[in-house]
Amino acid sequence: MSAMNKRREKLFELLGDLPDANRPISVTKMAEQQIDSFILETLLLDLNGLEQVPAYFARPIEGEGKRPVVLFNHSHGGQYDVGKTELLKSSHYLQQPSYAKQLTDMGYGVLCIDAWGFGERRGKAESEMFKEMLWKGQVMWGMMVYDSMRAVDYLLTREDVEPTKIATVGMSMGGLMAWWLAALDDRVQVCIDICGQVDAETLIRARGLDHHGFYSYVPKLVKYFQTAEIQQCIAPRPHLSVVGNHDRLTPYEGLNKIDHALTSYYEELGYREHWQMVRYGCGHIETTSMRKDVCSFLQNYLG
């Protein structure tokens with residue numbers, strides 16, 4: 001087993017008791033409609049055998065055959081009622097147009113699922129879910145990452161998805177999901193995180209732990225891994241990180257640490273251009289320049 005595979009094996013171990021990764025996936029299409037310039041499918045996915053996972057899949061009206069696809073990870077923001085609808089309506093810290101319109105106008109399909117506790121899966125408080133899962137030997141973040149990996153499994157069952165052209169994009173919690181998912185799943189060819197870079201040790205020193213929800217805390221993680229070491233599992237695949245220098249959720253010192261480590265690692269592999277951290281003079285928001293960089297990176301590396 002390679003050193004990187006051993007690293008992934010340890011990460012999966014830290015993510016707690018997960019459902020069977022080989023269980024069959026089933027899908028029910030609840031509705032299909034044209035919205036603006038794209039077709040929206042409303043889906044119910046059986047990903048984990050524990051509860052149904054509501055999802056949206058948006059695709060361009062024009063064109064047939066297989067196309068590149070983006071797994072869009074919604075943010076947190078304390079907006080438990082939003083979930084996957086962020087794909088359609090954006091949010092106060094994301095730009096317009098929505099990513100559903102932005103990505104379908106670029107010719108991509110795009111999938112977004114409700115994460116545990118969000119959207120149509122809300123009902124229990126995040127803290128209650130975290131505690132219950134912990135008692136059962138589960139880790140909330142592990143269960144969320146598991147669903148995202150099974151969402152990739154679902155994408156590969158679709159006849160309109162090009163399996164060699166899958167990207168993942170997200171803001172805040174969604175950005176964190178983007179780089180965790182890409183680190184653990186080689187089927188994701190392109191990773192883009194927006195305001196989602198958090199170096200754990202720096203966050204502890206900055207006393208910023210309470211800026212983040214319970215969902216993201218993985219027992220024993222910092223005993224074995226620094227943040228950049230997890231993201232090294234993405235290399236040499238293309239990875240763009242757009243961050244705000246004044247974002248209190250992602251301390252500046254931590255951004256420097258991650259950028260230095262990943263720059264060195266990608267250079268060592270001979271793929272320096274595949275890692276980019278682009279910084280902006282803003283806080284926890286997506287700026288117009290960030291959106292432009294996200295779209296350019298997708299065009300360059302996803303096609």
Leu47 long-range amide H proximity, modeled H, under 5 Å: Val53
In sequence order, calculated HN-Hα J values of the range 204-219 (Karplus, 6.51, -1.76, 1.60; Hz; x Gly/Pro): 5, 5, 7, 6, x, 4, 7, 6, 10, x, 4, 3, 8, 8, 9, x
Between the range 36-70 and the range 194-212, the Cα center-to-center distance that results, in Å: 33 Å
Rel. contact order, % - alpha carbon contacts under 8 angstrom, at least six apart, the range 3-301: 17 percent
Candidate lysines for bridging to Lys6, where Cα separation is under 28 Å - those fewer than 8 sequence places away on the same chain excluded: Lys136, Lys165, Lys220, Lys223, Lys257
Antiparallel DSSP beta bridges within the chain, percent to nearest 5: 50 percent
Phi-based couplings in Hz for the range 6-22 (Karplus 6.51, -1.76, 1.60; Gly and Pro marked x): 5, 5, 5, 4, 5, 4, 4, 4, 6, 7, x, 6, 10, x, 4, 6, 9
Sparse-neighbourhood loop sites, GluC sites (Glu not before Pro) in the range 4-58 - DSSP loop, at most 13 other Cβ within 10 angstrom: Glu51
Least to most buried among Thr227, Thr202 (fewest other Cβ within 10 Å first): Thr202, Thr227
Computed helical MRE - 222 nm, the chain, DSSP H runs ≥ 4 contributing -39500 (n - 2.57), nearest 500: -10500 deg cm²/dmol
Gly170 long-range amide H proximity, modeled H, under 5 Å: Asn73, Ile192, Ile194
Highest to lowest packing among 164-172, 145-153, 243-251, scored as the average C-beta count within 10 Å: 164-172, 145-153, 243-251
J(HN,Hα) series, the range 242-259, from Karplus relation 6.51 cos²θ - 1.76 cosθ + 1.60, nearest Hz, glycine and proline x: 10, 9, x, 5, 10, 7, 5, 6, 10, x, 4, 4, x, 4, 4, 5, 5, 4
Partners for Lys84 among lysines (Cα-Cα distance below 18 Å; same-chain residues under 8 apart left out): Lys29, Lys101, Lys124
For Cys282, residues with placed amide H under 5 Å, excluding near neighbours: Asn245, His246
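No value in this document is a laboratory result; all are computed from the given coordinates. Keep in mind that this is a model prediction, so the values were computed, not measured. With ideal geometry, Cβ positions are generated from the backbone for all residues, glycine too; neighbour counts draw on all protein chains shown.
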